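Below: one structure, written as structure tokens.
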Amino acid sequence: MLELENMTSISFQTFEYVIQDATDLLNHFDKLNTNPPPHEIEVLKRSGLVMALAALETYVEDRIAEAVDKVSGAGSENSILVKFYKSSLENDLKYFHTPNTDRVKNIFEKYLGINVTNGWSWNNYDSKRACTELNTITKKRGDIAHRSWRPQEGQPVSHIVTRDELRKHIRFIRDLVKATDEFIEKNL
């Protein structure tokens, strides 16, 4: 484990802790699930997706700040240029919010000059497929957060997040963060 920690960023290590909330919500759903599932436990799956994307958002914000500190160099805090660079990032992060493909790509390009989406490749994912998947998940999160999409009892409407989808979304976000972290480390 120590070797892995030396190879990953502090932001990645924090993400691994924070993403556990989404996994815990899925586990709670499984414990309460019966056939058919009680109507009121569907909120756990929707909340799990929101928490998974919150973990990704936090990772991106922390990782860009961590990388900017590394790029600007130790002892450079008195430089006017470094102060401007960091305050500009700080301001942009106030408006970052939903980590869709364009927002993630743009912030890393703006502050580090790297296109992190080029590193989004693992197992059965290439960059294009990963970008599409992230945008699908962030749209779903937006629908949940802003429109609730709470299922109504007695109406045979499929739920916006199924158990298997949530499990896959959490795995995808974990893999995306790992690929991002490795790509930044190689290209910084």
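The values are calculated or read from the model by the stated rules, or taken from the named source; none is laboratory data. Treat the numbers as computed from the prediction; the structure is a model and nothing was measured. Positions of Cβ are generated from backbone atoms using ideal geometry, with glycine treated the same way; all protein chains shown enter the neighbour counts. Heavy atoms of the whole protein, side chains included, go into the accessibility calculation; ligands, DNA and RNA do not. Shrake-Rupley method; radii C 1.70, N 1.55, O 1.52, S 1.80 Å.
Points to keep in mind about this one:
- Scanning segment 119-130 for residues that are hydrophobic (A, V, I, L, M, F, W, C) and surrounded by fewer than 19 Cβ atoms within 10 Å (Cβ to Cβ) yields a single hit, TRP122.
- Where THR58 falls short, out of the listed (1) at pLDDT below 95; (2) surrounded by 12 or more Cβ atoms within 10 Å (Cβ to Cβ); (3) not charged (D, E, K, R): (1)
- Test: ASN135 is assigned to a helix (DSSP H, G or I), farther than 20 Å from ILE184 by Cβ and in contact (Cβ under 8 Å) with a residue 24 or more places away in the chain: yes
- Test: residue in segment 109-116 that is outside any helix (DSSP H, G or I) and among the small types (Gly, Ala, Ser): yes
- Residue that is modelled with the lowest pLDDT, among those in segment 5-55 that are open to solvent by 40 Å² or more (accessible area, probe 1.4 Å) and among the β-branched types (Val, Ile, Thr): THR34
A quick yes/no check of all residues on (1) within 28 Å of THR23 (Cα to Cα); (2) without any contact (Cβ under 8 Å) to a residue 24 or more places away in the chain; (3) open to solvent by less than 70 Å² (accessible area, probe 1.4 Å):
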| residue | (1), (2), (3) |
| --- | --- |
| THR117 | yes, yes, yes |
| VAL161 | yes, no, yes |
| LYS178 | yes, no, no |
| GLU182 | yes, no, no |
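Residue-wise test of (1) outside any helix (DSSP H, G or I); (2) closer than 27 Å to LEU166 by Cα; (3) touching a helix residue (DSSP H, G or I) at 6+ places or on another chain (Cβ under 9 Å).
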{"residue": "ASP24", "(1), (2), (3)": "no, yes, yes"}
{"residue": "HIS28", "(1), (2), (3)": "no, yes, yes"}
{"residue": "LEU49", "(1), (2), (3)": "no, yes, yes"}
{"residue": "ALA52", "(1), (2), (3)": "no, yes, yes"}
{"residue": "ASP62", "(1), (2), (3)": "no, yes, yes"}
{"residue": "ALA65", "(1), (2), (3)": "no, no, yes"}
{"residue": "VAL71", "(1), (2), (3)": "no, no, yes"}
{"residue": "GLU77", "(1), (2), (3)": "yes, no, yes"}
